[in-house]
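The values are calculated or read from the model by the stated rules, or taken from the named source; none is laboratory data. Note that this is a predicted model, so its numbers are computed, not measured. Here the Cβ is made from the backbone with ideal geometry for all residues, glycine too, and neighbour counts use every protein chain on show. Side chains are part of the model used for accessible areas, which takes the heavy atoms of the whole protein and leaves out ligands, DNA and RNA. Shrake-Rupley method; radii C 1.70, N 1.55, O 1.52, S 1.80 Å.
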Amino acid sequence: MDHFLWRILPLLALLSSFLYFYFQNSSKLLQFSHSDCSLLPYNHYWITSKSIVTPRGVISGAVEVKEGNIVSIVKEEDWQGNSKRGHIIDYGEAVVMPGLIDVHAHLDDPGRAEWEGFPSGTKAAAAGGITMLIDMPLNNFPSTVSVETLRLKLEAAEKNIYVDVGFWGGLVPENAFNASSLEALLSAGVLGLKSFMCPSGINDFPMTNASHIKEGLSVLAKFRRPLLVHAEIQQDSENYLEDDANDPRHYSTYLKTRPPSWEEAAIRELLTLSKDTGIGGSAEGAHLHIVHLSDSGSSLQLLKQAKRSGDSVTVETCPHYLAFSAEEIEDGDTRFKCAPPIRNAANREALWKALLEGDIDMLSSDHSPTMPELKLLNEGNFLKAWGGISSLQFVLPVTWSYGQKYGVTLEQLALWWSERPAKLVGKDSKGAIEVGKHADIFVWEPNTDFDLNDDLPIYIKHPSISAYMGTKLSGKVLTTFVRGNLVYKEGKHASAACGSLILAK
Ligand SMILES: NC(=O)N[C@H]1NC(=O)NC1=O
Ligand SMILES: [Zn+2]
Ligand SMILES: [Zn+2]
């Protein structure tokens, strides 16, 4: 017996050390995922503030968060006799709002992660109060146009995102007439499709024409998901000549190359197709969403008419069209180059009016960065530089600062940046501070100004190409919660990237 024991002793020792390390590590893993996803050590707590933005108005009171969800909302008057109910985080006068949802961001990962990337892009989002963003299917390589390429996206994003991230799939000529390929892509979870009616600037993302879009809409109808379209169709530009008067360093030269008639032509064509989205139409159940509207003239009038006649259509614009005007853009400052272009000050005024009156439904960043070399800042050639604005971290203070003149309210910010975007992407668990929804919340100080200079912690990968650098903005984000995890607090992120991949079901 003794003899036998001695023989198995080394084995027992091996087994027990194996078990010890196994349990040690698995408990470490558990600890790791709990504490590293959040800068808070608990997951049941109350957020209190004098100004909490809810769909029923701005209240003074408390929001109870438990295991990632909003479980109750209590007004101050009902809260008084209710102290000592666990952890309380009091934000005083700071504003508590639903997390922003950016339905239009290019994170370029995988394939061009040196342009942006999931870690940097979602850290910037968290620092800017964005709790969910939807990643565009192009600028990454390969473009997200199939189940296989979506899988690459998901692999690149997994464990690398600090906020929740959903995905648009691409509608391109290669898949447009292949219903089973589109159905597979939609079944794999893209929230909808995106296409271009002009060259996208990316070789493996060619533009679509009306017949591709018609096919796409009929497949989307079955899934009740939207088609997002970059609405510009190239027209012969009568008013543009390549001569000495058209110096490519002048912004006005670039502006002439993409007149409003490009947007108008695209929207006119799209609206003939979106007729089919009505009741009894061949694409009933599908929805058309126009991305980054810049033309506040005929294009907007066409959209208003279509909405009035009951088409399932929405439209977004971006902060850069609301903040800047063509007149102010200096020679050679290609940070401002984007498509469609930033137009004149009168156009900007009319965009604000349309937004305030509800003719423009929502806002998005169209954060579309690149390598600084491709912005050609030294050469300053507007015709050759990469078109795209870098703004992801700043969209809230930009909207707020430039909106002051128009009396923009906190409720309007929540409508444009949270509530309507949540509806577009079909996620009713998000988009408002309401019982039962995810605790996607951020806290900010609307009256605190800050300079966008090198002292500011900036998380987008290439701050130097952002048109907002060098300006002063109002509205400082203090903290951001994603599903109850405190993912960002005053210059610090949670150590683990625990955002969720958002797939359509
Ligand atoms: N490919 C790409 O990101 N293009 C975007 N950039 C821009 O300014 N407008 C766009 O559509
Ligand atoms: Zn676009
Ligand atoms: Zn875009």
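When segment 125-153 is filtered for residues that are of a type in the set (A, V, I, L, M, F, W, C) and either in contact with a Cys (Cβ under 8 Å, 6 or more places away or on another chain) or within 16 Å of ligand 3 (Cβ to nearest atom) (or both), the ones remaining, listed by number, are Ala125, Ile130, Leu133, Ile134, Met136, Leu138, Phe141, Val145. Whenever a residue of segment 364-378 is on the phi > 0 side of the Ramachandran plot, its partners that are open to solvent by less than 40 Å² (accessible area, probe 1.4 Å), lying with C-beta atoms within less than 6 angstrom and at least six residues away or across chains, give the pairs Asp366/His104; Asp366/His292; Asp366/Cys318; Leu376/Thr334; Leu376/Ala385.
When residues in segment 108-124 are screened for being open to solvent by less than 10 Å² (accessible area, probe 1.4 Å), more than 16 Å from ligand 3 (Cβ to nearest atom) and either farther than 19 Å from Phe442 by Cα or modelled with pLDDT under 95 (or both), 2 of them pass. Within segment 376-402, the set of residues being buried (at least 22 other Cβ atoms within 10 Å of the Cβ), away from ligand 3 (no atom under 16 Å from the Cβ) and part of a helix (DSSP H, G or I) comprises Gln393, Phe394, Leu396, Pro397, Val398, Thr399. Does Thr208 satisfy the criteria of being within 16 Å of ligand 3 (Cβ to nearest atom), closer than 21 Å to Gly499 by Cβ and among the β-branched types (Val, Ile, Thr)? No; evaluated as a whole, the condition is false for this residue. Scanning segment 130-166 for residues that are more than 16 Å from ligand 2 (Cβ to nearest atom) and within 15 Å of Val103 (Cβ to Cβ) turns up Ile130, Thr131, Met132, Val163, Asp164, Val165, Gly166. Within segment 418-432, being touching a residue at least 60 places away in the same chain (Cβ under 8 Å) and of a type in the set (Lys, Arg) holds for Arg420, Lys427, Lys430. Listed by first and then second residue, the pairs with beta-carbon distance under 8 Å, at least 6 apart or on different chains, first residue in segment 35-49 and over 12 Å from Glu67 (Cβ atoms), second in a loop (DSSP other than H, G, I, E, B) and among the hydrophobic types (A, V, I, L, M, F, W, C), are Asp36/Ala494; Asp36/Ala496; Asp36/Cys498; Cys37/Ala494; Cys37/Ala496; Cys37/Cys498; Leu39/Ala494; Ser49/Ala94.
Within segment 474-505, being part of a strand (DSSP E or B) and either modelled with pLDDT under 95 or polar (S, T, N, Q) (or both) holds for Ser474, Thr479, Thr480, Asn485. Count of segment 362-374 residues, restricted to those that are out of contact with any Leu (no Cβ under 7 Å at 6 or more places or on another chain) and either in a loop (DSSP other than H, G, I, E, B) or under 14 Å from Glu114 (Cβ atoms) (or both), is 9. Restricted to segment 453-505, and to residues that are among the basic types (Lys, Arg) and closer than 17 Å to Pro319 by Cβ, which residue is least open to solvent (accessible area, probe 1.4 Å)? Step by step, filter segment 453-505, then rank; the result is Lys476. Being in a loop (DSSP other than H, G, I, E, B), in contact (Cβ under 8 Å) with a residue 12 or more places away in the chain, charged (D, E, K, R) and farther than 17 Å from Leu478 by Cβ is the filter here, so list the residues in segment 54-99 that pass it. Within segment 54-99, Glu67, Arg85 qualify.
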